[in-house]
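Okay, so here's the structure we're looking at.
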Amino acid sequence: MDLELRHLRTVRAIADEGSLTRAAAALGLAQPALSSQLRRIEKALGGPLFDRDHTGARPTLLGELVLERARVVLPAMRELQEDAVRFANSWNRVRRFRLGATHGPLLGALVDRLAAAEPTAPSPPTPPGPSTRSAPCSPPDASTTPSSASAGRAARPARPTSSGRSSASTPSS
């Protein structure tokens, strides 16, 4: 049997109430059903969680260990659930964009413009490793553009030839 959150709630309720009868009432269960459930939990964990007698139930050392962890796990799970609900509800109110494109010089500029126009839109998680997103597209600065034939003329981009190889050309005067 795998331990579930409901089992941790059961153990916490027994410890908080100090008896199986009061814990069963607090959980809305019959006392025999709670006793059976506790036996299954104890079997799964490998030992008794409570010393039980006519005065009530007191945690054993194993029970204290389980209670210590349950007091951390249960509030964390409640917070996770609240955060997930809040996220899901807010996600429905956010405008989303779906782009289909091939990687090219305009894609980076388009993404940048959309991000500027919709600053509240979520961005997808960044994959590990080097970034593959292109830098924003802007006209090249004349001081950083390599010149080909003369200082005032920039090289044209390479064009494929009929043989499939690319060739770069420069503007003619």
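Below, the figures for the structure above:
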item: Two-site label geometry, ARG52 and ASN89: point separation in nm, points 7 Å out along Cα→Cβ; result: 4.0 nm
item: GluC sites (Glu not before Pro) restricted to the stretch 1-63 and DSSP loop, no more than 12 other C-beta within 10 Å; result: GLU4
item: Per-residue HN-Hα couplings for the stretch 41-46 [Karplus 6.51, -1.76, 1.60; θ = phi - 60°; Hz; x = Gly/Pro]; result: 5, 4, 5, 5, 8, x
item: Residues whose placed amide H lies under 5 Å from that of PHE50, excluding near-sequence neighbours; result: THR60
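We did not get these values from a lab; they are worked out from the coordinates using the rules stated. Just so it is clear, the structure is predicted and the values come from calculations on it, not from any experiment. Every residue, glycine as well, gets a Cβ built from its backbone with ideal geometry; the counts of neighbours run over all protein chains shown.
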